[in-house]
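To keep things clear, I will list the structure first and then write my remarks on it.
Bear in mind these aren't lab numbers, they're just calculated from the coordinates by the rules spelled out. Quantities reported herein were computed from a predicted structural model and do not represent experimental measurements. Methodologically, a virtual Cβ is constructed for each residue, glycine included, from the backbone with ideal geometry; neighbour enumeration extends over all protein chains shown.
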Amino acid sequence: MNMQAVWAIYRFEMARAFRTKLQSIVSPVLSTSLYFIVFGGAIGSRIETIDGVSYGAFIVPGLIMLSLLTQSIANASFGIYFPKFTGTIYEVLSAPISTFEIVLAYVGAAATKSIMLGLIILATAAFFIDLQIAHPFWMFLYLVLTALTFSLFGFIIGIWADGFEKLQIVPLLIVTPLTFLGGSFYSIDMLPPFWQKVTLFNPVVYLVSGFRWSFYGVSDVSIGVSTAMTLLILVLCMVCVWYIFKTGWRLKP
């Protein structure tokens, strides 16, 4: 493995994030803090508990997951789209570096930035509520798996997009609504039976449910099913990336 090439791309992508701290780190943390204040403070004062957990604490995993999904997609999609836009992607493709190493570098950098952001938001949440993490290992594992999965998904979007506008379509019109409807701010047990069944077709439900279980030991879906769905999405994204590089779709004229 050409680790020098992987490290060069990885370091470049990380440096780009640190050059834009206000947009990459400060802005998502401030936005999530507003959610804590509005939902945890204003609405939480009117809701006693959900599954034995205070409402302010209950929404923390969902808010972290919301930021994790959107930032993973944004970081990875822009990271691979910009070389396409400037034409430098052909230099990367012609360099002595394999497909796996290219994906490892770009996706690894995007996932690292998202994990860092998730941990910062987690630390910020501790200022607003009394946090308890029942299963720290599972919490970090879900954090890493989700960041990797949606960084791969963002990588696919970055290759698919042929304009800056398309980079925002999927996160804004699909991922964010699915996250809001995936039990981030409520338990799906609170829904009517019909909508409970419909909600199970939303893949984000399994991510949020598994992540929340790692905090409080309560979930809408069993931890085994949540983990299996997370791994399934990860594998599907890996297959899509493999197909893209195998065929050269949207990469080669």
*For segment 151-253, how big is Rg over Rh, using alpha carbon atoms and the Kirkwood form of Rh?*
1.06
*With a 10 Å Cβ neighbour count serving as the proxy for reagent exposure, in which order, fewest first, do 21, 166, 113 appear?*
21, 166, 113
*Magnitude of the Cβ-charge dipole of the chain, K/R +1 and D/E -1, about the Cα centre, nearest 20 debye?*
600 debye
*Regarding segment 50-156, what are the three Cα extents along the principal axes, ordered largest first, in Å?*
56, 24, 20
*Once Rh is set to the Kirkwood radius over Cα pairs, what Stokes-Einstein translational diffusion coefficient, in µm²/s, holds for segment 203-253 at a temperature of 4 °C and a viscosity of 1.567 mPa s?*
104 µm²/s
_Cut-off is 10 Å between beta-carbons; in what order do 145, 63, 191 appear when sorted fewest neighbours first?_
191, 145, 63
*Lys/Arg Cβ at +1, Asp/Glu Cβ at -1, dipole of segment 3-247 taken about the Cα centre: which of 121, 23, 145 is farthest positive-ward?*
23
*Relative to the longest principal axis of the chain, what angle (0 to 90°, nearest 10) does the C-alpha long axis of helix 3-19 take?*
60 degrees
_Contact order normalised by length for segment 3-247, with contacts defined as Cα pairs under 8 Å and 6 or more residues apart; what percent is it?_
26 percent
*Contour minus end-to-end for residue 236 and residue 249, with contour as 0.36 nm per residue of separation and end-to-end as the Cα-Cα distance?*
3.0 nm
*Taking springs between alpha-carbon atoms closer than 10 angstrom, which of 73, 89, 121 fluctuates most in the Gaussian network model of the chain?*
89
*Please report, in Å, the Rg and the Dmax of the chain, where both are computed over Cα atoms only.*
18.7, 60
*If you line up the long axis of helix 60-86 against the longest principal axis of the chain, both from Cα atoms, how many degrees apart are they, to the nearest 10?*
10 degrees
_Using the crude model of +1 on Lys and Arg Cβ and -1 on Asp and Glu Cβ, and no other charge, please compute the dipole size for segment 1-137 relative to its Cα centre, in debye to 20._
400 debye
_Angle in degrees between helix 99-125 and the longest Cα principal axis of the chain, rounded to the nearest 10_ = 30 degrees
